[in-house]
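Okay, so here's the structure we're looking at.
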Amino acid sequence: MMFEHPDENPVLELNDEQSWRLLEETRHGRLVVSVAGEPDIFPVNYVSSKDKLYLRTAPGNKLAQLAINSAVLFEADGILSDEAWSVVLRGKARILNTSAELAEVEELGLTSWVPTLKDFYVEIEPMSISGRHFQLGEQPER
């Protein structure tokens, strides 16, 4: 997915729509949480729907940390032979628990990549999103 880079600048700041389009076409990223000033990062698979992200998890550190501090970062990226991109979403995570919420998110077809039980669904509501697209190449001469 090529983006137009004005003035041949190899780094392009993406708008919200472009950033969301990249997130919608990807299914894996990293979730960053922080408790008591200690950051932690987890690789996750996810789906997006209605400008929100959804992931599944099992009981453990990730779920416990989300319950303590709902402020999260989510990052996804892609690398091809001549281009790369990165999108960072800042948001609030919450564990879904009503029957209606669970039925709606189950319709999205989010399955675990790892053969383990992941009975908890997490919704991330974005507060901000930013993205960059990179044209790859050799470092220029000075």
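A compact table of results
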{"item": "Residues being open to solvent by 30 Å² or more (accessible area, probe 1.4 Å) and under 14 Å from E75 (Cα atoms) - total across region 22-38", "result": "6"}
{"item": "Residue list for region 104-142, restricted to those being acidic (D, E) and either open to solvent by 40 Å² or more (accessible area, probe 1.4 Å) or not in a strand (DSSP E or B) (or both)", "result": "E104, E106, E107, D119, E125, E138, E141"}
{"item": "Near pairs, Cβ below 6 angstrom, 6+ apart or cross-chain, from region 27-56 (free of Cβ contacts under 8 Å to residues at least 40 places away in the same chain and assigned to a strand (DSSP E or B)) to any residue that is open to solvent by less than 30 Å² (accessible area, probe 1.4 Å) and not hydrophobic (A, V, I, L, M, F, W, C)", "result": "F42/K62"}
{"item": "Filter result for E75 (under 30 Å from E8 (Cβ atoms), open to solvent by 30 Å² or more (accessible area, probe 1.4 Å) and touching a residue at least 12 places away in the same chain (Cβ under 8 Å))", "result": "yes"}
{"item": "Scope region 3-17; condition more than 14 Å from the chain's Cα centre (by Cα) and open to solvent by 30 Å² or more (accessible area, probe 1.4 Å); matching residues", "result": "E4, P6, D7, E8, N9, P10, V11, E13, N15, E17"}
{"item": "Residue tally, condition under 28 Å from V35 (Cα atoms) and either open to solvent by 20 Å² or more (accessible area, probe 1.4 Å) or without any contact (Cβ under 8 Å) to a residue 24 or more places away in the chain (or both), over region 78-95", "result": "6"}
{"item": "Given (1) farther than 14 Å from P126 by Cβ; (2) among the polar types (S, T, N, Q); (3) touching a Leu at 6+ places or on another chain (Cβ under 9 Å); (4) open to solvent by less than 40 Å² (accessible area, probe 1.4 Å), number of the condition S49 does not satisfy", "result": "(1)"}
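The values are calculated or read from the model by the stated rules, or taken from the named source; none is laboratory data. Note that the structure is predicted; figures quoted are calculated from it, not measured. Cβ: placed from backbone, ideal geometry, glycine included. Neighbour counts: every protein chain shown. Areas reflect the complete protein model, heavy atoms only, side chains present, ligands, DNA and RNA absent. Shrake-Rupley method; radii C 1.70, N 1.55, O 1.52, S 1.80 Å.
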